[in-house]
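What follows is calculated from the coordinates using simple rules that are stated; it is not laboratory data. Nothing here was measured: the structure is a model prediction, and the numbers come from that model. Every residue, glycine as well, gets a Cβ built from its backbone with ideal geometry; the counts of neighbours run over all protein chains shown.
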Amino acid sequence: MSIVPLHFEKHKDLKVLKADFSHVADQHMAPVTAHEIPAASADYPVFFVKNSDTGQFTTIALLGLEPGENLFVDNNQWDNTYVPELFAAFPFKLIPADDGSDRVTVAIIDDSGHVSTSKGEALFNEDGTETPYLAGRKELLKRTYEQSAMTPLFIQDLVKLDLFAERAMTLNIGGQKMTLDGLYFVDEDKLRAIDDEAFLDLRKRGLLPLIYAHLNSLHQMRRILSRKQRRASG
């Protein structure tokens, strides 16, 4: 994979096939930032997963019931309304600037199958200015980068209040049982049990809507199961 800083002189003829999601057709989870939870919750179950090595939690949208399965990619097209920002930004990403500063710069995976010189969305106009498409991708990257700092702080609050619970789910798919584990969620009983000061602090800092959106998203498991059953029946 070749990830290089984006420059007009080097990439002026590049185009991007923006509607192709073949690169995530085998991803059963999508990392999402805290600010994405309300939008993602309308389409996917949002859970927290724990890194077995570090013990750190991350927020994810569940896209499939087993590794290698994305129930929301069909014929390389995204088959839902909301696209997780990390997926939507591909083949662009932010990398550390090469000047030794703390800045980041926009890069492109220029050997990706999404990149072409003959078809797709142009990145630059002939005069070197950015096309609306590239400007939109850069704005998406900027927003995600700025908001990503909030996510570990949000999770830290949930951990500090001991709000997480893990429960294995036994599912029946076409008469066959499968167990889904390793997914954490906010326990509503624990949330109700926190003291008034902690609850008001969550409300004051705007974290309650994120928690409630996460809890509401768990109903989207029905959508996951329905898609899994349709795909299993062929």
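Apply the Karplus parameterisation 6.51 cos²θ - 1.76 cosθ + 1.60, with θ equal to phi minus 60°, to every residue of the stretch 119-124 and state each ³J(HN,Hα) to the nearest whole Hz, in sequence, with x for glycine and proline.
8, x, 7, 5, 9, 10
Would you calculate, for the chain, the mean residue ellipticity at 222 nm contributed by helices, counting each DSSP H stretch of 4 or more residues as -39,500 (n - 2.57) and dividing by all residues, to the nearest 500? All intermediate terms of the calculation are to be shown ahead of the outcome.
Details: 9 runs with 78 residues, N = 234.
It lands at -9500 deg cm²/dmol.
Going by average Cβ density within 10 Å per residue, which order do the peptides 169-178, 130-139, 51-60, 34-43 take, highest to lowest? Numbers along the way, then the final one.
Working: 169-178: 10.2, 130-139: 15.4, 51-60: 12.9, 34-43: 20.0.
Those peptides, ordered most packed to least, come out 34-43, 130-139, 51-60, 169-178.
So what's the Cα pair-distance distribution over the stretch 60-199, bin width 5 Å, in %?
2, 7, 11, 14, 14, 15, 12, 11, 8, 5, 2, 1, 0
Considering Cα pairs under 8 angstrom that are at least six residues apart, work out the relative contact order of the chain and quote it in whole percent. Intermediate results must be reported in sequence, preceding the final value.
Numbers: 359 pairs, mean separation 65.9, N = 234.
Relative contact order of the chain: 28 percent.
Tell me the Kirkwood hydrodynamic radius of the stretch 1-125 in angstroms, computed as one over the mean inverse distance between distinct C-alpha pairs.
Details: mean 1/r = 0.0616 Å⁻¹.
About 16.2 Å for the stretch 1-125.
Please list, in order along the stretch 164-175, the HN-Hα scalar couplings obtained from phi with the Karplus expression 6.51 cos²θ - 1.76 cosθ + 1.60 (θ = phi - 60°), rounded to whole Hz, x for Gly and Pro.
Using θ = phi - 60°, the values come out as 7, 9, 10, 9, 5, 10, 9, 10, 10, 10, x, x Hz.
In a Gaussian network model over the chain where Cα atoms closer than 10 Å are linked, find which of Ile155, Ile109, Ile194 has the largest mean-square fluctuation.
Evaluated over the chain, the most mobile residue of the options is Ile194.
Given 5 Å bins starting at zero, what is the percent of C-alpha pairs of the chain in each, up to the one with the largest pair distance?
1, 6, 12, 16, 16, 15, 12, 10, 7, 4, 2, 1, 0
Given +1 on the Cβ of Lys and Arg, -1 on the Cβ of Asp and Glu, and no further charges, what dipole in debye does the stretch 3-229 carry about its Cα centre, rounded to the nearest 20?
Numbers: 24 positive and 34 negative charges, 102 e Å.
In total the dipole reaches around 480 debye.
Non-local amide H neighbours of Lys18 (under 5 Å, H modeled in plane, Pro and chain starts lacking H): which ones?
Distant-sequence amide H within range of Lys18: Glu121.
Could you tell me how far the Cα centroid of the stretch 192-217 sits from the Cα centroid of the stretch 1-64, in Å?
26
Give a residue-ordered list of calculated ³J(HN,Hα) values for the stretch 52-66 (Karplus: 6.51 cos²θ - 1.76 cosθ + 1.60, θ = phi - 60°; whole Hz; x for Gly, Pro).
5, 8, 9, x, 7, 9, 10, 9, 9, 9, 7, 10, x, 9, 8
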